[in-house]
Amino acid sequence: MKRKQTLFPLLILILISVIGVTRAENAFTPLFENPENSNTVTAINTPIVLDVDEGVHPLLQREVQDYILMAVIVSDSTKLGLIRANNGAEYFIRIGDLLGKSEGKISDINPQGIEVTEEEKVVILNVRNRSASNENTE
């Protein structure tokens, strides 16, 4: 008798759970409908897709400012940088390497960042390792 008393409430609880699950709304339905076109859902903070030549190395696909300089290593004998491309991959760079659509040449690496010389102008890319985890990648 005692066993039936504990089994009956357990069965009721399972039955209520199953009924609740079958009547639950789909968690993936959009909260708001797009009035212009109900078949289109717009995401917030979606990265902008630009025309990118996939045959070109990732460090030569974008403008210099579009890359994230994660870190620099500067010593008497070595100057290296760690840069993140828009595809999320990270690359080590040195003085003399090419960077950007205009194939600018890395002319200096210092503790604050890198200098890229392209088409008779110098572009400075500062280290941004603190905000890189929050950046969108394509």
Could you look through segment 76-112, keep only residues that are among the small types (Gly, Ala, Ser) and surrounded by 17 or more Cβ atoms within 10 Å (Cβ to Cβ), and pick out the one that is farthest from Val56 (Cα to Cα)? Gly81
Within segment 52-75, considering residues that are surrounded by fewer than 18 Cβ atoms within 10 Å (Cβ to Cβ) and of a type in the set (S, T, N, Q), the one nearest to Asn86 (Cα to Cα): Gln65
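Values quoted throughout were computed directly from the atomic coordinates according to the rules given, and no laboratory measurement underlies them. Note that this is a predicted model, so its numbers are computed, not measured. Cβ: placed from backbone, ideal geometry, glycine included. Neighbour counts: every protein chain shown.
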